[in-house]
Amino acid sequence: MVRSSPPDRPVDVMQSGGPANWLREARRAIARLPSLRLGKLPESPALPVRDPWPGDPGEGARLLRGELAFGGAVAPLRPGGWPDATAPLRLRAAAHGFAWLRDLRALGTDAARLRARALIADWIGAAQLDAVAISPDVTGARLAAWLGHYDFFAASADDLFRQRLMARLIGDARDLAAALPAEAQDVRALVALKGLIAAAVALPEQAAFLTRALRFLPAEIGQQILPDGCHVCRSPAAQLAALQELMEIRALLHAAQVGAPPALASALERMAPAMRALRHGDGGLALFNGTGEANPALIDLALAQAPRNGRAPQSLAQGGFERLQAGRSVVVVDCGVPPAPGRDGEAHAGTLSFEFSVGRERLVVNCGATASGASPAWRDAIRATAAHSTLVIADVSSSELRPEGLGRRPQKIELQRQEANGAYWLEASHDGWRQPFGAIHRRRLYLSESGEDVRGEDLVESANPLAFTVRFHLHPSVSASPQQDGEAILLRLPGGSLWRLRADGAAMSVEESIYLGGGEPRRSEQLVLAGRADGPQQVKWAITKLG
């Protein structure tokens, strides 16, 4: 099996520059004309729209104290005090998207209700807004959040508040309809469509909103969801977010008694099994391409609402992930070419990296995802190949890291998978170092039928010998102890089980690492197998359970 970089998708004329942008801005300007806002405003949404996801009462209490936390960053959020231009872009988008209303609702107090109402009134009355507030995805998130929590913050409000709210809802929906299709090539485009559909459902007299959203929805699904159900960005976090957005859209259409396009049902049927394939035994996500563990309860809730169609697939051919599962062990391997330009904003240089968990305990991991406000240098460090459990040549990443995505990258991956008597063999290679070094990385992995023996071989094919390292980042709960003879490293899992790493062809050591899979940075360790330029260009290793 050979996986090559997909050809660049044709650029939609509505997403290109020049005349297309002019037309979009012209539509938005027309949508804002006062003459289009005349007529009697509805007193309230005609149909109820309910946000289906749980909030965090702890975060709700934090909002009462005037703070918004998002993606590891914190900024003030209170009437008259919104995140300014110094705050991370994602946090500003979260503030103006109002999804945090679910946290205030989860708190459920009168103080939380009044704070939600005060913040919305303050936002509506603002003389000038952050430019991010009117982007299609943020507008869509805000429309869905206001409508999804309307009964919480607005049902008991005075007439003036509700009139101003309904006027702003309709105005923003008109603006959003004019801005479609969204230029974003990721989940943000689905958020924009969801917001317009929510407005159409709650305001059935605005039938044009639904017509316009359904015009773009099938094409957007086709561009984002691959045939095997993976999201085109190859990120388990994006997979979960897209699954949630599409399930909300399905629920909205069902509430309005509108038939969903066939592409929506087909995508959900494919996405749920793919989502299961990207989970570890603890219920959290595998840490590839900007992903953290996420909340297992949220993933369970999302999957409970999705179509139920069997077990997790073992191979995701288009998404480029392989899952090896035996006994209590799960190994997930990144065997795919990076996403195409425009969809690689969160892509990491982690080709052929793997993660390994035993039951509900993670053993070998990747480092995870940086906070939204991380510096460019820190973000690049976590995206680099060295932050992943794979081989690195001469401290150069297998893909070139750029602020907007990736530059040089693997173009071809060769993959073979075999299974016999419950054991698995995986052999893969990639050419990410062909350009700088003329080198190919080949990795072989084996998982025994008991799941208690993981073996590997990493090989560098190059005309000139090169220095390399093979890294195994450990979960913070795993302790590593080198044996005195230097021949092995003992690994103790929190449940007490012991595992041992042995290697041939490289010097072994234990070094510091960092784990960002759980949100807050945590110190951890990594096992490093160092190969010399004048030594063998391959290393064999084994991680086996003791006792």
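Using only alpha carbons, the chain has a radius of gyration to Kirkwood radius ratio (Rg to Rh) of 1.00.
Relative contact order, whole percent, for the chain stands at 11, derived from Cα pairs under 8 Å and 6 or more residues apart. Using the rule -39500 (n - 2.57) for each DSSP H run of four or more residues, divided by the residues of the chain, the 222 nm mean residue ellipticity is -10500 deg cm²/dmol.
Across the chain, the longest piece that holds none of the GluC sites (Glu not before Pro) lying in DSSP loops with up to 16 other C-beta atoms within 10 Å covers 206-399.
A dipole drawn for the chain from +1 and -1 charges on Cβ atoms has a positive end, and of Ala144, Pro88, Gln206 the residue lying farthest that way is Gln206. One decimal place: the segment Asp110-Ala381 gains 93.1 nm when fully extended, by the rule 0.36 nm per residue minus the C-alpha distance. Taking a virtual spin label 7 Å from the Cα of Arg90 along the C-beta vector, which residues in the range 61-76 bring their backbone nitrogen under 16 Å of it? It comes to 68-75, nothing else. One decimal place: the segment Arg500-Gln418 gains 27.0 nm when fully extended, by the rule 0.36 nm per residue minus the C-alpha distance.
Distance between the 7 Å Cα→Cβ label points at Gln163 and Ala251: 3.3 nm.
Viscosity 1.567 mPa s, temperature 4 °C: Stokes-Einstein D of the range 316-546 from its Kirkwood Cα radius, in µm² per second? Don't skip to the end; give the middle numbers.
Numbers: Rh = 17.8 Å.
The diffusion coefficient I find is 73 µm²/s.
A rounded overall shape is assigned to the range 289-329, the ratio a/c of its alpha-carbon gyration tensor axes (a ≥ b ≥ c) being less than 1.5.
Between Ala265 and Leu301, the simple label model (points 7 Å from Cα in the Cβ direction) yields a spacing of 2.7 nm. Screening the chain for DSSP H helices whose Cα atoms reach 15 Å or more along their own axis and whose mean Kyte hydropathy is at least 0.0 gives 110-124, 136-148, 159-179, 187-202, 207-224, 236-255, 262-277. Here the simple spin-label model places points 7 Å from the Cα toward Cβ, and for Arg522 and Glu67 these points are separated by 2.1 nm.
Can you work out the FRET efficiency for the pair Thr211 and Glu461, with r the C-beta to C-beta distance and R0 = 51 Å, to the nearest 0.05? Efficiency, from the Cβ-Cβ distance: 0.35. Subtracting the Cα-Cα distance of Asp534 and Asp485 from their residue separation scaled by 0.36 nm leaves 15.3 nm. Ranking of Met508, Met247 by neighbouring Cβ atoms within 10 Å, starting from the fewest: Met508, Met247.
Per residue, the average separation of C-alpha pairs within less than 8 Å and at least 6 apart gives the range 316-546 a relative contact order of 18 percent. Based on the Kirkwood approach, the hydrodynamic radius assigned to the range 166-237 is 12.8 Å, with every pair of different Cα atoms included.
Every number in this text was worked out from the coordinates using simple rules, so none of it is lab data. Keep in mind that this is a model prediction, so the values were computed, not measured. Virtual Cβ from ideal backbone geometry, glycine too; neighbours counted across all protein chains shown.
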